[in-house]
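A quick write-up on the structure given underneath.
The values are calculated or read from the model by the stated rules, or taken from the named source; none is laboratory data. Only a predicted model underlies this, so the values are computations on that prediction, with no experimental measurement involved. Cβ placement follows ideal geometry from the backbone for every residue including glycine, while neighbour counts extend to all protein chains displayed. Accessible surface is based on the protein model in full, side chains and every heavy atom, while ligands, DNA and RNA are left aside. Shrake-Rupley method; radii C 1.70, N 1.55, O 1.52, S 1.80 Å.
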Amino acid sequence: MNRFFGGPDKPEEDEEQPVLRPMQPLDRSRPRTSYPPQAIPLRAEDDEPAEIGEEDVWSEEPDEEEPPKPRASRQDLDPVFGYVMAMALSVGLTPIDGDTRYILLWAFLALMGGTAFVLGSGTRKATDPGDLIWGLALGGLSGGALMLVGGDTLAVTSERLFGASRQDNTLLITWVAQATLFVMPLAETLFFRGAMQRVHSFLTVSLLASLWSVLLFFPELDLGGSPAVAVVYGAVLVLLNFLYGYVNFRHGLAASLICQVTAGSLLLLAPMILTG
């Protein structure tokens, strides 16, 4: 009889495996032979289990060679040491002639700023013509507004800063032009905005630059007997340094330089030319 419709066929005596019946459960005591054996992959280096969070590395597919790690990037050179030295030098050079003191201090500031700017590893913002226009416009607005408020006072201030001891100097205006157009903007912009503001916030740098300006100019102005004028002039210096820092933050170093050249020319050079 057919074994699928009738009773079970009697197994032969030499047959070891029992005949399976329909819907009969499999014998779990025997290993299944319907699938080929699977090889257990081994780890690449050792048999220790990987730590939590680490990926398993199998020997079947070796990892691609990792690219060599780049060398550690050089950190930006912090110019605070140069700032402290410049402040100490400014105090130490107070007894000498004002013009010589300006030249030495601005030369030292430009040297320290150039060194920190060149050796630093920060990214420089590309200069856009629109940024230069913004620097020119903001410098012109701030300097022009202050010039309209106190043109005569600015003229007296400029003479005290650059020629109080030599009123008959025919090259006074030339010296003021060189100082306001080239020497002072290049030195201060390169050091404060180009070097310090890359590693410190523009608010901190603006305060430090304002303190530098006060220590640089106040000994030549002789404002000990007029504290009100000293407060007003100090507030103007703080305002201008915040403006230069903001322009550098938003529009770049070149725009900050243009802004300082424009504002300084209107505040120190133009009043001397107009009143002379």
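On the basis of being closer than 23 Å to Asp128 by Cα, touching a Pro at 6+ places or on another chain (Cβ under 6 Å) and not acidic (Asp, Glu), does Ala187 make the cut?
On the way: closer than 23 Å to Asp128 by Cα: yes; touching a Pro at 6+ places or on another chain (Cβ under 6 Å): no; not acidic (Asp, Glu): yes.
Spelling it out, it is not the case that Ala187 is closer than 23 Å to Asp128 by Cα, touching a Pro at 6+ places or on another chain (Cβ under 6 Å) and not acidic (Asp, Glu).
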**Request:** State whether the residues of segment 264-273 include one that is open to solvent by less than 10 Å² (accessible area, probe 1.4 Å) and hydroxyl-bearing (Ser, Thr, Tyr).
**Result:** no
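Report yes if some residue within segment 58-77 is crowded, with 18+ Cβ neighbours inside 10 Å, closer than 22 Å to Arg198 by Cβ and modelled with pLDDT of 85 or more; otherwise report no.
If we filter segment 58-77 for residues that are crowded, with 18+ Cβ neighbours inside 10 Å, which is where we start, we get 77.
From the residues that got through so far, the ones that are closer than 22 Å to Arg198 by Cβ too are 77.
Right, trim to modelled with pLDDT of 85 or more and you get none.
No, because not a single residue in segment 58-77 is crowded, with 18+ Cβ neighbours inside 10 Å, closer than 22 Å to Arg198 by Cβ and modelled with pLDDT of 85 or more.
Take segment 95-137 and flag every residue that is touching a Lys or Arg at 6+ places or on another chain (Cβ under 7 Å) and either modelled with pLDDT of 90 or more or within 18 Å of Trp212 (Cα to Cα) (or both). Lay out the reasoning, then the answer.
Kept after step one, since they are touching a Lys or Arg at 6+ places or on another chain (Cβ under 7 Å), are these residues of segment 95-137: 120-122.
Those that are touching a Lys or Arg at 6+ places or on another chain (Cβ under 7 Å) and either modelled with pLDDT of 90 or more or within 18 Å of Trp212 (Cα to Cα) (or both): none in segment 95-137.
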**Prompt:** Of the residues that sit in segment 162-213 and are more than 19 Å from the chain's Cα centre (by Cα), farther than 15 Å from Ile103 by Cα and of a type in the set (Val, Ile, Thr), which one is modelled with the highest pLDDT?
**Reply:** Ile173
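Does any residue of segment 260-269 turn out to be small (Gly, Ala, Ser), closer than 19 Å to Met112 by Cα and at pLDDT below 95?
Start the filter on segment 260-269 by keeping residues that are small (Gly, Ala, Ser), which leaves 263-265.
After this cut, where a residue has to be closer than 19 Å to Met112 by Cα as well, the list is none.
No: segment 260-269 contains no residue that is small (Gly, Ala, Ser), closer than 19 Å to Met112 by Cα and at pLDDT below 95.
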**Message:** I need the full set of residues from segment 217-244 which are modelled with pLDDT of 95 or more and in contact with a Lys or Arg (Cβ under 9 Å, 6 or more places away or on another chain), in order please.
**Reply:** Tyr244
